[in-house]
Amino acid sequence: MCGIVGAIAERNVVEILLEGLRRLEYRGYDSAGVALLDSQGNLTRTRRIGKVKELAQALKEQPVKGATGIAHTRWATHGGVTEANAHPHLSSERIAVVHNGIIENYQTLRQELTQAGYGFSSDTDTETIAHQVHLELDKCGDLLKAVQNAVTKFHGAYGTVIMDKQEPERIIVARSGSPLVIGLGIGENFIASDQMALLPVTRRFMFLEEGDVAEISRTSIQVYDQSGAVVEREVIESDVEHDAGDKGGYRHYMLKEIHEQPSVIRNTLQGRLSDTGISPNIFGQGADKIFAGIQHVQIIACGTSYHSGMTARYWLEQYANVSCNVEIASEFRYRKSFVHPNSLIVTISQSGETADTLAALRLAKQQGYSASLAICNVPGSSLVRESDLAFMTLAGAEIGVASTKAFTTQLTGFLMLTLAIGQHNNMLQTDHDDIVKALHSLPAKLEETLTLTAGIKELAKEFADKQHSLFLGRGDQYPIAMEGALKLKEISYIHAEAYASGELKHGPLALIDDEMPVIVVAPNNELLEKLKSNVEEVRARGGIMYVFADKQANFKSDDTMRVINVPHCEAAIAPIVYTLPLQLLSYYVAVIKGTDVDQPRNLAKSVTVE
């Protein structure tokens, strides 16, 4: 959601800014804009509704130059999708601002600034930042001090970058809640909301901490903490591949990322899983000692990551003999909750910058949890830096907004966490050995499952005119059914719900008719016979079934049921294996529907506001 790119150099930075925005398109946005300063202090701004290519075309038709510049892709929060609401925003044709996040008290500030003589040309909260900085600059005469004074007035989350046309030799940035990273060059420096934007120009990064304000010039970077004291922030060398945005011959990023899952899970396991198990220290220094005292696990996440946490609850309680609760981060942070003795707080986020999950972690640390663990795909992210322990999923850059490989690598990490905690909680040796064996077989099982693609592509045609669907699963497949429903609604815009199969008689059966496709995940486990009874309940009421079943489960296709035989796999990894067919179904239905698969409407990849 929303992308920021900034640069200060001796060369023209227009193409650097545009390429940075292109690399952030996966985050979701509805408009784009750029502001540039040249050496004479001329400030030019160009904004367009729609994709970055529209902005690039406008800059091609009316070329502008500048060695200092800021750029932005906006995902609307305040005000509609209009050019007037697109970033950057200006104050008195002097101050230019881009901003991620939400200024919660913007209406109060807007009233005060209006009374002070400022006029507003947009409906956004961001314009209050520009005017507030200008007001403070009038008072103190120094841009850095003006920004430091202005941010004390803001309530909410912001990652913001500010330029002054009278000082083209420096940029000021401020971070509270919404991430910002500084890229270090030679005789030039850069700013972005995500290091992916800057990989073509640098691999050296400095991540700003909560409350930081930084002054950036071509040759220097000075960081100040919330108290105004000068601080040092670590410079990290990134090993992220800068060509991660290549579709590799696939039609969409999502399809590419679905097919990458066997290889990325190999990466996740490599060097961490031996023939005898795992070392707890793959979760961080001192993890073994921490896990030895854990009696309860509290998992917090949002969206797809929440579904991985729900699946993990089954594993942790069944195999590791430790109690587990799972809660949506936006609910956890706004209610009074009970902290179990010797509890581990586990947060999950693909980006490591999910606003609600970060806020929940900070709250949990105040409540007295024994330790915190982040399961994340982005090294150096806020969630990783602020947690005691971290497990990096190593999924690589995920560009499609609808998560695929990030989800399955999270699940893989949770199975390893189950092993790590279980060895301190009387985990059965047979369970331990079965999980180790299953994890070793997982990449090959996923490769075998992907051979179902052609059949699923055909099956998807039957969803072309459907408006609603129902997903069913039992046990640890229930969260997988939820994830399948989420994928279908995210990218095809078909209304989809998921239920635990045993809940059919408690309401959902009322929905069943021959226009409601019912998708079932049916591994060959101890709940199979119960699930078959649920399937018959649907068939008896005229429902059309689409069953993804283990080869050994003895489901047969007929006029009322389409069966896709999924390769047999061990029970522990079945949730991961059965995820792939549901991803493929959602993808091919979306293609048939003609939706924007990689950037579905109204959604953003990284949700950095509440």
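What follows draws every value from the coordinates through simple rules; no lab data is involved. Note that the structure is a prediction, hence the values are computed from the model and not measured. Here Cβ is always computed from backbone atoms with ideal geometry, including for glycine, and neighbour counts include all displayed protein chains.
Remarks
- Per residue convex hull volume, Cα atoms of the chain, in Å³: 154
- Prolate/oblate/rounded call for the range 3-237, Cα gyration tensor, a/c under 1.5 rounded: rounded
- Using the Karplus relation 6.51 cos²θ - 1.76 cosθ + 1.60 with θ = phi - 60°, the per-residue 3J(HN,Hα) values for the range 221-231 come to 9, 10, 10, 10, 7, 4, 7, x, 7, 5, 9 Hz, with x marking Gly and Pro.
- Spin-label pair ALA444/ASP559, simplified geometry with 7 Å Cα→Cβ offset, distance in nm: 4.3
- Förster radius 41 Å - calculated FRET efficiency between SER337 and HIS568, Cβ distance, rounded to 0.05: 0.50
- A dipole drawn for the range 165-290 from +1 and -1 charges on Cβ atoms has a positive end, and of ILE282, GLN195, GLY248 the residue lying farthest that way is GLY248.
- Residue-averaged [θ]222 nm for the chain, counting only DSSP H segments that reach four residues, each worth -39500 (n - 2.57): -10500 deg cm²/dmol
- Viscosity 1.002 mPa s, 20 °C: Kirkwood-radius Stokes-Einstein D of the range 391-535 over Cα pairs, µm²/s: 122
- Highest to lowest packing among 392-404, 81-93, 216-228, 279-291, scored as the average C-beta count within 10 Å: 392-404, 81-93, 279-291, 216-228
- Modelled FRET efficiency - R0 22 Å, ASP246 with LYS457, Cβ distances, 0.05 increments: 0.40
- For LYS153, a cut-off of 20 angstrom between C-alpha atoms picks up these lysines, skipping any fewer than 8 places away in its own chain: LYS139, LYS145.
- Placing dummy labels 7 Å off each Cα toward the beta-carbon, the span from SER274 to SER220 is 5.1 nm.
- Taking 0.36 nm per residue of separation and subtracting the Cα-Cα distance, full extension of the segment from PHE120 to SER39 would add 26.4 nm.
- Note on ASN426 and ASP513: the extension gain reaches 26.6 nm, defined as 0.36 nm multiplied by sequence separation minus the Cα-Cα distance.
- Computed extension gain for GLU537 through GLU83, at 0.36 nm per residue and net of the alpha carbon distance, reaches 158.1 nm.
- Long hydrophobic helices in the chain: none of the complete DSSP H runs spans 30 Å or more by Cα along its own axis with mean Kyte-Doolittle hydropathy of at least 0.5.
- For the range 253-593: rounded, prolate or oblate by the Cα gyration tensor [a/c cutoff 1.5]: prolate
- Placing dummy labels 7 Å off each Cα toward the beta-carbon, the span from LYS65 to ALA229 is 4.5 nm.
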